[in-house]
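The numbers here are math on the coordinates, done by the rules we state, and not lab data. A quick note: this is a predicted structure, and the numbers were derived from the prediction, not measured. Cβ atoms come from the backbone with ideal geometry, glycine included; neighbour counts cover every protein chain shown.
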Amino acid sequence: MSPGMPPIIQARDLSKKYGSNIALDHVNFAVEAGRIVGLIGPNGAGKTSALRAILGLTAYEGELQVLGREPFADRAALMNEATFIADVAVLPPWLRVDQAIEFVAGVHPRFRRDRAQAFLAKTQITGQRRIRELSKGMKTLVHLALTMAIDARLLVLDEPTLGLDILARRAFYDALVNDYMDATRTILITTHQVEEVENLLTDVLFIDKGRIVLDSSLEDIATRYAAVAVAEDKVAAARAEHPFFERPMLGKKVLYFERPDVGKLANFGEVVTPSVADLFVAKLS
Amino acid sequence: MNTYVWLVRREFWENRAIWICPALIGAALTCAALFGRVDVAALSSPEQNRSMAGMAFFAFGAIFYGVMSIYSTWYLLDCLYADRKDRSVLFWKSLPISDTATVLSKVFVGLIAIPIVYFIAADLSTLLMAFIIALRSRSSFGGALWQPDLWLQLQALWLYMIISTAVWYLPLAGWLMLVSAWAKRAVMLWCILPPLAAVLAERLFLGSHAIASLLRNRILGYGQAAYDLSDRGLWVTTTFGHDDAITAPSSVWRLLKPIGFFSAPATWIGVLVGAALIYGAIQLRLRRTEL
């Protein structure tokens, strides 16, 4: 992207409190256009609060700009260019599939009805069906069909595949990557199944106890972090290189390093880039 | 504007009872006209016929209006709660529709659209009934139901009723929506308990009953506020046979008091309170996405 172009999401000193409970504690981050960012954190880390703030579903303190707008003050206008799937199965049960398409087409200036219909034509779902009659996986596909037919610049997905079986989850992400993502779009996604989205992401934001603990692109992770599986006899020597985390694995110890001297580490074993899931565990333990 | 049309249409999709209910009442009344006893004995004079027809029309309308009031109350109490309960509020909020538009569309449906549907259903079924009775009846009562001026007066009455109840009951509607946007469960209980507690607390600690009379005047005072019931010359009593009698207004035009109603401070204080409560419901809707 060209320099000087404002980020899609810009948070400065973003805070959110529920009574005395601090969900977000003066958080700073930016999401650039064209990225697929994973917002990853344990339960109660502040993920949902961050997403709710970004989508204008909750008031917050601090500064937050999404597509140049203040989300809470301007949610309706923001939703012309941004959209979201928060959790599975939030489509109203009484709605018929064709009514859903008709309604969104009626109220959304950037909705392309033909695209939604073409997507649904590839499934078993017919327009006369009511949402309540559909399986969880089918509901998710209907929601995805509606969402992908919106020509949005920002798509936010909050646990979009929670409770779905493996086939439905795969179908969801395949459709997302193949039919939707392009350079003009930005996706922010939270999920517990980190492994599943890992090869989709361009960036990760780790969040814990209301703070951002890692904000990095995946390329940067490859140059910044290393993991080595070290045999017991070499562990003491390897520890001298200041690993920030270690865990046992099959009689060896896996040691995690930040900005390591890769040349030295190679003496202890094979140096690999940790997976996002492993890095997440290492960073938050 | 277009968005509002879609929002209202949406409410009709979700709440199919809006039209199914009056359709069923209409069907039941039509059945009664088809298979019931339609000859009224002891009607002889045109005045008696007219008076009887007027009362019949009014009674049919009142059935619709009574059911409508209950349904509309339930609708307003449920409308901002139901989609938080099934979490579909997260879908509606992903669309470019402001919470103000959402709440106002529901106020409109509860206070105007639902009464209009019932009003149309009442009209259609009374027309149908009058037609059936006119065909079936062997007494002079049959023809008596065809009274164009009576018909016109009734239309004016319904229209006036829709507008004036919407205005008069705006604060109640606002309260129902506020509870609907706020409550985590048991909307019915939350709608009744706080006013009840206020009434009891006032009685207990101050020994007065200002809140109780305020609520009573609002809930039961609509007739006094919108209609001229005191003009004794207005009422005409028609006797039947030995001791049956119907007392009815001689003219709907004299019954309505639009100028009095729309110039009364109580009317506009109510509108202000209603607007404030609806504003509160919008503010809650902005912030509360889940139970």
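Of the trypsin sites (Lys or Arg not before Pro) found in the stretch A:49-143, those that fall in a DSSP loop while having at most 16 other beta-carbon atoms within 10 Å are A:Arg110, A:Arg112, A:Lys122, A:Arg129. Here, P(r) means the percent of Cα pairs in each 5 Å bin from 0 to the largest distance; for the stretch A:146-194 it is 5, 18, 32, 27, 14, 5, 0. When the Gaussian network model of chain B links Cα atoms closer than 10 Å, the mean-square fluctuations of B:Gly61, B:Gly270, B:Gly223 top out at B:Gly223. Under the combined filter of DSSP loop state and at most 12 neighbouring Cβ atoms within 10 Å, the stretch A:172-250 retains none of its trypsin sites (Lys or Arg not before Pro). Structural size metrics of the stretch A:1-65, computed from C-alpha coordinates, are Rg and Dmax of 12.5, 42 Å.
Once the cut-off is 20 Å, how many percent of the Cα-Cα pairs in the stretch A:220-284 end up in the long-distance tail? Tail fraction, whole percent: 15.
The residues packed around A:Ala30, meaning those with a beta-carbon under 14 Å from its beta-carbon, carry a net charge of -3 if Lys and Arg are +1 and Asp and Glu are -1. What is the angle, in °, between the Cα long axis of helix B:265-287 and the longest principal axis of the Cα atoms in chain B? Nearest 10 is fine, range 0 to 90. Roughly 40 degrees, rounded to the nearest 10.
Plainly put, the stretch B:1-94 has a radius of gyration that is 1.20 times its Kirkwood radius, both from alpha-carbon atoms, as the Rg/Rh ratio.
Computed log10 I(q)/I(0) for chain B at 0.09 Å⁻¹: -0.55, from the Debye equation with unit scatterers placed on every C-alpha and solvent omitted. Ordered by the count of other Cβ atoms within 10 Å of each Cβ, fewest first, B:Cys31, B:Cys79, B:Cys191 give B:Cys31, B:Cys191, B:Cys79. Legend: ranking of residues B:Leu77, B:Leu229 from fewest to most surrounding C-beta atoms inside 10 Å; resulting order B:Leu229, B:Leu77. Inter-label distance, A:Glu258 to A:Lys209: 1.5 nm, where each label sits 7 Å from its Cα along the C-beta direction.
Annotation note: chymotrypsin sites (Phe, Trp or Tyr not before Pro) in the stretch B:91-128 located in DSSP loop regions with a Cβ neighbour count of at most 15 within 10 Å are absent. With a threshold of 20 Å on the Cα-Cα distance, the over-threshold entries among A:Lys17/A:Lys209; A:Lys209/B:Lys93; A:Lys139/B:Lys85; A:Lys47/A:Lys136; A:Lys16/A:Lys47; A:Lys16/A:Lys283 are A:Lys209/B:Lys93; A:Lys47/A:Lys136; A:Lys16/A:Lys283.
For the protein assembly as shown, the spread of Cα positions along the three principal axes, ordered from largest to smallest, is 117, 62, 46 Å. For the segment B:81-92, counting C-beta atoms of other chains within 10 Å of every residue's C-beta and taking the mean gives 5. Under a no-solvent Debye model with one identical scatterer per Cα of the stretch A:142-273, what's log10 I(q)/I(0) at q = 0.09, 0.11 Å⁻¹? After summing over all Cα pairs, the log10 values are -0.40, -0.56. Counting Cα-Cα pairs of the stretch A:9-209 in 5 Å increments starting at 0 gives whole-percent bin shares of 1, 7, 16, 19, 20, 16, 11, 6, 2, 0. A helix-only calculation puts the protein assembly as shown at -15500 deg cm²/dmol for mean residue ellipticity at 222 nm, using -39500 (n - 2.57) for each DSSP H run of at least four residues, averaged over all residues.
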